[in-house]
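Step one of this worksheet: look at the structure below.
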Amino acid sequence: MEHTTPIRTRPGLTALLAFTLSLTCFGQVGNAAEDIGSTPGMTYQSNDAIFAGETDDPYRLALRAYIWGYPLVKAAAIRMAHTNPDDPYVERAQPSAAGPLNTLNHSRELFGPEFRNGVGVNHDTLYSFGWFDLEDEAWVLEAPDFGDRYYTFSIYNADSSSADTIGQRTHGSQLPTVLIHGPLYDGPVPDDMLAIGIATRYLNFAGRILTSGTEEDYRIVHSLQDRIRMRPLDSYLAGKPAPASVPDQTRLSAGVESASHYLQLYAQLGNVLRDWIPAAEEQSLLRSFEEIGLSAQAFHIEGLENATLDAMKRAARDASELIARRSRDLGSNHNGWTINYLGSRFGTDYLLRAAVARDQIYVTVPEEAIYPITRLDANGEPLHGDQHYRISLPADALPPVKGFWSITLYNDSGYLVENPIGRYTIGDRTPGLVSGDDGTIDIRIQRDAPDTSAVNWLPAPAGEFYLMMRLYIPERAILEREWLPPPVMPVDHTEE
């Protein structure tokens with residue numbers, strides 16, 4: 001069915017989308033009242049242990065299905081929230097870059113604490129965002145000359161993994177025309193185009209353009225955004241704009257209301273699989289899921305024995321806990337920071353893919369950016385607004401990047417925090433950044449304002465919080481782990 005509804009405004013859409021996302025993307029499933037028993041010791045702790053070999057054990061199959069399917073469901077929920085298939089042309093409030101399927105949309109201002117339709121958003125760039133359906137056609141990307149301004153375009157598969165990332169790092173100020181095609185495309189690639197293949201039916205396009213956040217700079221970035229274009233190959237060759245019609249999508253929530261709390265993700269995954277094109281390495285795994293009612297048609301709960309359903313419920317709870325644990329250990333831990341040096345290239349490490357999707361979905365490839373995260377101070381204690389902290393960056397040990405670096409603070413739920421100076425991130429472009437006599441940059445993180453203005457203050461909330469460092473176009477020292485983030489040091493409240 002095609003939708004060509006005129007644009008109209010609906011108050012509170014951002015809140016509605018955030019609520020929808022929270023319903024469809026539960027990250028923890030252990031709060032339900034239903035008693036499902038225990039799984040002593042959770043035998044399967046690592047990705048290799050979970051996915052190695054064949055099995056017909058319902059618990060282990062369900063554990064695999066949950067971990068493998070979690071990022072697919074979360075990505076689909078974000079696609080649903082952004083494209084709003086029931087009313088695709090409803091007007092979205094800024095700074096949302098949401099819009100109908102097969103359209104490219106732009107945030108016109110930096111995200112602030114009022115934004116709740118996503119977690120861990122940056123406060124450094126303006127986004128250009130879109131979801132595109134590659135089932136029937138390839139798409140062409142055109143972009144302007146960005147001069148010396150940092151920009152990057154990340155192109156993701158529908159499982160949250162990266163297909164490619166291009167921009168200033170790969171092509172300087174000007175990209176070539178790009179053809180983006182799906183796994184079933186067998187048409188030509190024009191000689192003057194860069195071809196990027198997507199492994200899934202739906203692609204997520206995420207563009208980021210650096211901005212200082214001033215009104216003058218916004219106008220420059222808006223002009224660049226307005227000259228980024230996505231349209232089908234046929235339209236491009238004919239010199240026409242993209243069609244205005246919007247293809248329909250399989251709803252993520254279909255039939256979910258009839259599933260119990262612990263089985264909801266399996267029901268959602270069944271809906272995702274209706275549009276899924278399995279990669280060669282996934283086919284055997286997906287066939288095995290039929291033993292627990294999951295197929296390319298849906299999740300068939302009817303006919304499953306009670307013992308199987310009980311095993312699936314335990315697996316859902318345990319898988320959620322395993323994902324949460326892995327999110328705190330993304331592969332490398334240094335000075336309290338957990339660092340994923342693989343970025344969004346997961347291969348068959350499905351547990352890592354799920355863990356990254358939990359808190360950092362759609363991170364880019366490591367050569368484009370590294371995202372260290374910490375919830376702990378140097379003593380291993382949770383970061384909390386009742387405490388004062390300091391991060392020290394000596395002049396000879398500043399983050400070695402060719403793009404930019406920043407540190408952003410989020411509350412425990414992943415949102416930016418309202419504060420009296422309107423500062424949500426601090427980094428190499430922060431106006432008035434203060435250095436010591438020896439060139440050291442000390443960043444003070446605390447709830448109350450410091451006694452002096454001659455400090456680099458990153459305001460903290462009342463409760464627990466976490467920090468995310470962004471290292472864009474990291475140099476070799478970062479990628480080879482020679483440079484590591486410094487610890488977050490607790491500071492005595494009486495220290496000046």
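The values are calculated or read from the model by the stated rules, or taken from the named source; none is laboratory data. Keep in mind that what you see is a predicted model, and the values were worked out from it rather than measured. Counting neighbours? That spans all protein chains shown, and the Cβs are built from the backbone with ideal geometry, glycine included.
Kindly provide the set of residues from the stretch 79-110 that are part of a helix (DSSP H, G or I) and over 22 Å from A138 (Cα atoms), ordered by number.
If the condition is that a residue be part of a helix (DSSP H, G or I) and over 22 Å from A138 (Cα atoms), then A81 is the only one that fits.
Considering only strands (runs of 3 or more DSSP E) fully contained in the stretch 419-492, which possess at least 2 residues that are of a type outside the set (A, V, I, L, M, F, W, C)?
Where strands (runs of 3 or more DSSP E) fall fully within the stretch 419-492 and carry at least 2 residues being of a type outside the set (A, V, I, L, M, F, W, C), they are 425-427, 441-446, 456-459, 465-472.
Here is a list: Y185, Y236. Which entry is touching a strand residue (DSSP E or B) at 6+ places or on another chain (Cβ under 6 Å), crowded, with 17+ Cβ neighbours inside 10 Å and not aliphatic (A, V, I, L, M)? Lay out the reasoning, then the answer.
Details: Y185 fails: touching a strand residue (DSSP E or B) at 6+ places or on another chain (Cβ under 6 Å).
Just a single option satisfies the conditions, and that option is Y236.
Go through the stretch 192-209 and count every residue that is farther than 13 Å from F153 by Cβ and not charged (D, E, K, R).
7
Among the strands (runs of 3 or more DSSP E) contained in the stretch 142-226, which hold 1 or more residues that are farther than 30 Å from D248 by Cβ, in contact with an Asp or Glu (Cβ under 9 Å, 6 or more places away or on another chain) and small (G, A, S)?
In the stretch 142-226, 162-167 are the strands (runs of 3 or more DSSP E) which contain 1 or more residues that are farther than 30 Å from D248 by Cβ, in contact with an Asp or Glu (Cβ under 9 Å, 6 or more places away or on another chain) and small (G, A, S).
For a quick check of your reading: which strands (runs of 3 or more DSSP E) sit entirely within the stretch 322-394 and have at least 3 residues that are surrounded by 16 or more Cβ atoms within 10 Å (Cβ to Cβ)?
Hits in the stretch 322-394: 337-339, 388-393.
Taking R390 as the residue in question, decide whether it is more than 25 Å from the chain's Cα centre (by Cα), over 19 Å from F115 (Cβ atoms), among the basic types (K, R) and not assigned by TED's automatic domain parsing to the domain that holds I78.
Considered against the rule, which asks whether it is more than 25 Å from the chain's Cα centre (by Cα), over 19 Å from F115 (Cβ atoms), among the basic types (K, R) and not assigned by TED's automatic domain parsing to the domain that holds I78, R390 comes out as yes.
Look at the stretch 283-299 and say how many of its residues are in contact with a helix residue (DSSP H, G or I) (Cβ under 8 Å, 6 or more places away or on another chain) and surrounded by fewer than 20 Cβ atoms within 10 Å (Cβ to Cβ). First the steps, then the outcome.
So the first thing to find is which residues in the stretch 283-299 are in contact with a helix residue (DSSP H, G or I) (Cβ under 8 Å, 6 or more places away or on another chain), and the list is 285-286, 288-289, 291-299.
The next check asks that each one be surrounded by fewer than 20 Cβ atoms within 10 Å (Cβ to Cβ); those that pass are 285-286, 288, 291, 295-298.
Of the residues in that region, 8 qualify.
Counting only residues that are modelled with pLDDT under 90 and more than 26 Å from the chain's Cα centre (by Cα), how many does the stretch 258-294 have?
3
Would you call G380 at pLDDT below 90, out of contact with any Pro (no Cβ under 9 Å at 6 or more places or on another chain) and more than 21 Å from A65 (Cα to Cα)?
Spelling it out, it is not the case that G380 is at pLDDT below 90, out of contact with any Pro (no Cβ under 9 Å at 6 or more places or on another chain) and more than 21 Å from A65 (Cα to Cα).
So, in the stretch 102-152, exactly how many residues are without any contact (Cβ under 8 Å) to a residue 40 or more places away in the chain, farther than 30 Å from W276 by Cβ and in contact with a Phe, Trp or Tyr (Cβ under 7 Å, 6 or more places away or on another chain)?
Final tally of qualifying residues: 0.
Okay, residues lined up against (1) outside any helix (DSSP H, G or I); (2) closer than 30 Å to E142 by Cβ:
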| residue | (1), (2) |
| --- | --- |
| A242 | yes, yes |
| S253 | yes, no |
| Q264 | no, no |
| V272 | no, no |
| S284 | no, no |
| E290 | no, no |
| D310 | no, no |
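Residue by residue, here is whether (1) without any contact (Cβ under 8 Å) to a residue 12 or more places away in the chain; (2) out of contact with any Lys or Arg (no Cβ under 9 Å at 6 or more places or on another chain) holds:
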{"site": "E216", "(1), (2)": "yes, yes"}
{"site": "G239", "(1), (2)": "yes, yes"}
{"site": "S253", "(1), (2)": "no, yes"}
{"site": "A296", "(1), (2)": "no, no"}
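Across the stretch 128-182, what is the total count of residues that are of a type in the set (S, T, N, Q) and crowded, with 18+ Cβ neighbours inside 10 Å?
Result for the stretch 128-182: 9.
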